[in-house]
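Notes follow once the structure below has been shown.
The values are calculated or read from the model by the stated rules, or taken from the named source; none is laboratory data. Not measured: the values here are computed from a predicted model. Note that each Cβ is placed from the backbone with ideal geometry, even for glycine, and that neighbours are counted across all protein chains shown. Surface areas here come from the heavy atoms of the whole protein model, side chains and all, with no ligands, DNA or RNA. Shrake-Rupley method; radii C 1.70, N 1.55, O 1.52, S 1.80 Å.
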Amino acid sequence: MEADSTGGNMGGKADVEMAENPFEPYIESLRQQLEDQDPVFLIGVIVALAVIVITCVFLKYFLSSKTVRSAVLLVGLCDSGKTLLFARLLSGKFKRTQTSITDSSAPYKAKNEKGSTWTVIDLPGHDSLRPQYLEKFKSAARAIVFVIDSAIFQKEVRDVAEFLYILLTDTVISRNAPALLVACNKQDITMAKSAKLIQQQLEKELNTLRVTRSAALSSQDGFVGGSVYLGKKGKDFEFSQLPLKVEFVECSARGSKGEEGDADIESLEKSLAKL
């Protein structure tokens, strides 16, 4: 009786153990198979699995970073017409504006078949406010619309170039490579410069700035740090050398017929539709 009892207890314990870990036979079989395999083969399997994991992590990061960047930033000097352009893009209507001291944002539906929607953000143009707002929104930029007053460009070419230089040598902007649309605004004014002329003069001015800024930084610590080198070393600067797509377009937020008429921003809208 005792033997039967003992045998029954042992059988019961085995059943309990099997119930607690029903996968034990499979795990043991898998372990045995792995031990019988060539070590080189096992290393190959581990490396392949590691590559798959790294690829998945990279794709997740890449795709998520692309979806986050859905902002279109309107930047430029004071009185370049950014805020009126902002109003025209959103409503098509003329609006009297004043110098902005904070940002304004609203959803903008691109005029394309996909009906893409971006968040257009109008950033203040005053030089004391530009840095903080640019820092705040630059990581989210899918595109940057740099607005220029074409009528007085000749007087402001140095200031325009300096602001552009800051944008184009920024490490975040250079890495994310948002599209850069240079909107040569106020084309309704007779003295307005053409987009082609503005591009040529900016390339010359940026080339000069690159030399002076690089020399100044190098003389401080013996190396250039904290920003991206503009263009290609050993060559005169051209916008085509940049890692981001650059397009110059002519427009008039006011329009040729003034407050009662429509804006002339079709070229800009076509460029935004391609984002």
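Roughly how many Å² of Ser174 are accessible to a 1.4 Å probe, to the nearest 10?
In the full protein context, Ser174 sits at about 30 Å².
Name the residues whose placed amide hydrogens come within less than 5 Å of the amide hydrogen of Val147, ignoring near sequence neighbours (fewer than 5 apart) on the same chain.
Val75, Gly76, Ala183
Students sometimes get this wrong: rank Lys186, Lys270 by accessible area, probe 1.4 Å, all chains present, largest first.
Lys270, Lys186
Please give the solvent-accessible surface of Lys233 in Å², to the nearest 10, using a probe radius of 1.4 Å with every protein chain present.
150 Å²
Sorted by accessible area (1.4 Å probe), largest first, how do Leu123, Leu90, Leu129 line up?
On the way: Leu123 5, Leu90 65, Leu129 40 Å².
I get Leu90, Leu129, Leu123, largest accessible area first.
Whole-Hz Karplus ³J(HN,Hα) for region 165-171, in order, using 6.51 cos²θ - 1.76 cosθ + 1.60 and θ = phi - 60°, x for Gly and Pro?
So the Karplus estimates, Gly and Pro as x, are 4, 4, 5, 6, 9, 6, 5 Hz.
Expressed in nm to one decimal, what extension gain is obtained for the pair Leu275 and Leu244 from 0.36 nm per residue of sequence separation less their Cα-Cα distance?
So the extension gain works out to 9.9 nm.
So, in nm, how far is label Ser256 from label Glu162 when the simple model puts each one 7 Å beyond its Cα toward the Cβ?
3.6 nm
Go ahead and run the numbers for FRET between Met191 and Ser70, Cβ-Cβ distance against an R0 of 30 Å, rounding to 0.05. Mind showing how you got there, number by number?
Values: r = 37 Å, r/R0 = 1.23.
E(calc), rounded to 0.05, equals 0.20.
Once phi is turned into θ = phi - 60°, what whole-Hz ³J(HN,Hα) does the Karplus curve with 6.51, -1.76 and 1.60 give for every residue of region 113-126, x standing for Gly and Pro?
5, 6, x, 4, 10, 10, 9, 8, 10, 8, 9, x, x, 5
Taking a quarter of the surface of the Cα convex hull of region 132-275, what do you get in nm²? Let's see the in-between values first.
Details: hull surface 38.5 nm².
About 9.6 nm², averaged over all directions.
Quick check: residue separation of Ile27 and Lys93 times 0.36 nm, minus the Cα distance between them. What number comes out in nm?
That works out to 16.6 nm of additional length.
What is the distance, in nm, between label points placed 7 Å from the Cα along the Cα-to-Cβ direction at Gln154 and at Ile46?
About 7.2 nm separates the two model spin labels.
If Thr117, Thr190 are ordered by their accessible area, calculated over protein heavy atoms with a 1.4 Å probe, which sequence runs from highest to lowest?
Reading off the accessible areas and sorting them downward yields Thr190, Thr117.
List the residues whose amide H sits under 5 Å from the amide H of Ser70, counting only those 5 or more places along or on another chain, with H placed 1.01 Å from N in the peptide plane.
Under 5 Å from the amide H of Ser70 lie the amide H atoms of Arg142, each far enough along the sequence or on another chain.
Shape call for region 233-275 from the C-alpha gyration tensor, a ≥ b ≥ c root eigenvalues: rounded (a/c under 1.5), prolate (a/b greater than b/c) or oblate?
oblate
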